Amino acid sequence: MKNIIFVLSILMLVGCAESQPVTNTELFIYLDYTEGQDYSDLLENDVEKYLTMMNVTEEDDRNFGKVRIYPLHDISSSVSKTVKLKKGKSKLEGNRYIRQKELDKFKTQLIEKTSEINSSFTGKALNSSHIFSPLCKGIHKINNSNADRKVIVIYSDMLENSELANFHSGKLKYENLKANFDGSCEFEDLSDCEVYIIHPIDKRNDNKIRTAENFWSKYMEEKGLDSDMWHFDTSIDI
């Protein structure tokens, strides 16, 4: 009788632990190559943080989702690479060693895909920088997703330098920039998104980067982004 009660207690504990709904996350990563950046070491260091953003932890590894990686460069269109992590099984149905292999495979594929993009764009500084258009198109895609969690990570100083705007000019007027951007692409609602801007430490352009931060934070909050979901720093702080 005691053994039956013990088994039932364990099953109840497992059931309670797995009562949390499984989370599906859509994660978009943008890599700015306009200064010829090399992200190989950085991305390997941040891959565990991407899993954390997807709510994949040791306590709950059933969560799943999709990561898309976009390069930012000197034209307004970007071709993405996609890596998917399938939904994990419950503790009663699954095997934690098999799940760990799935997670390791996901991380390896993610690093490989980003390395492919990195090898295509790194090492050559460009004369122009398109940030808004690829981001606007990506937000349209992420808004069409049925994911429970939508996260955008942008590795960039956010200094657009295109026919739409030149953040290096020193003559930035918010309403003019907003009108240019809005007239170019309909920037959709961001109320379901979380945004991380990971900018470089750049003494030469520090004032410009701070000005860009003010513009982008105001612009995105006007598009529905919760101020608590806006992060602008030199690293991913979770």
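Just a few scattered comments:
- Computed with a 1.4 Å probe over protein heavy atoms only, the accessible area of GLU116 comes to about 80 Å².
- Computed in the context of the full set of protein chains, the accessible area of the chain at 1.4 Å probe radius has 49% of its extent on carbon or sulfur.
- With all protein chains modelled, accessible area of ASP228 [1.4 Å, Å²]: 110
- In this entry, region 107-158 is assigned a mean projected area of 5.0 nm², taken as a quarter of its C-alpha convex hull surface.
- Against the criterion of solvent-accessible heavy-atom surface with a 1.4 angstrom probe, ARG149, ARG62 sort, most first, into ARG149, ARG62.
- Orientation-averaged projected area, Cα convex hull of region 91-220 (nm²): 10.9
- Convex hull per residue volume in Å³, alpha carbons only, for region 175-238: 93
- Computed on region 22-73, with alpha-carbon pairs under 8 angstrom and 6+ residues apart, the relative contact order is 64 percent.
- Along region 159-165 the Karplus relation, 6.51 cos²θ - 1.76 cosθ + 1.60 evaluated at θ = phi - 60°, assigns HN-Hα couplings of 8, 4, 9, 9, 5, 7, 6 Hz to successive residues, with x for each Gly and Pro.
- Each distinct pair of alpha carbons in region 45-124 adds a 1/r term; the inverse of their mean, the Kirkwood radius, is 14.0 Å.
- On a per residue basis, region 14-119 carries 53 Å² of accessible surface, using protein heavy atoms and a 1.4 Å probe.
- Pairs exceeding a 27 Å alpha-carbon distance, out of LYS49/LYS113; LYS107/LYS208; LYS81/LYS124; LYS66/LYS223; LYS91/LYS137: LYS107/LYS208; LYS91/LYS137.
- Bridge type composition, the chain - antiparallel percent by DSSP, nearest 5: 25
- Here the chain is treated as a Stokes sphere of Kirkwood radius computed over C-alpha pairs; at 20 °C and 1.002 mPa s its diffusion coefficient rounds to 110 µm²/s.
- The stretch between ASN143 and GLN109 holds 9.8 nm of extra length on full extension. This uses 0.36 nm per residue minus the Cα-Cα distance.
- Model label zone, ASN176; criterion: amide N under 16 Å from point 7 Å along Cα-to-beta-carbon; scope region 205-226: 212, 215
- Every helix of 4 or more DSSP H residues in the chain counts as -39500 (n - 2.57), and over all residues that averages to -13500 deg cm²/dmol at 222 nm.
- When only alpha carbons are used to place a centre, region 24-57 and region 95-143 end up 7 Å from one another.
- An oblate overall shape is assigned to region 127-204, the ratio a/c of its alpha-carbon gyration tensor axes (a ≥ b ≥ c) being 1.5 or greater and a/b not exceeding b/c.
- Relative contact order computed over the chain (Cα-Cα under 8 Å; 6+ residues apart), in percent: 21
- Over region 161-238, relative contact order from alpha-carbon pairs under 8 Å, at least 6 apart, %: 40
The values are calculated or read from the model by the stated rules, or taken from the named source; none is laboratory data. The structure displayed is predicted, hence computed values, not measured ones. Please note: Cβ atoms are built from the backbone with ideal geometry, for glycine as well, and neighbour counts cover all protein chains shown. Heads up: the accessible areas ignore ligands, DNA and RNA and are worked out on the full protein's heavy atoms, side chains in. Shrake-Rupley method; radii C 1.70, N 1.55, O 1.52, S 1.80 Å.
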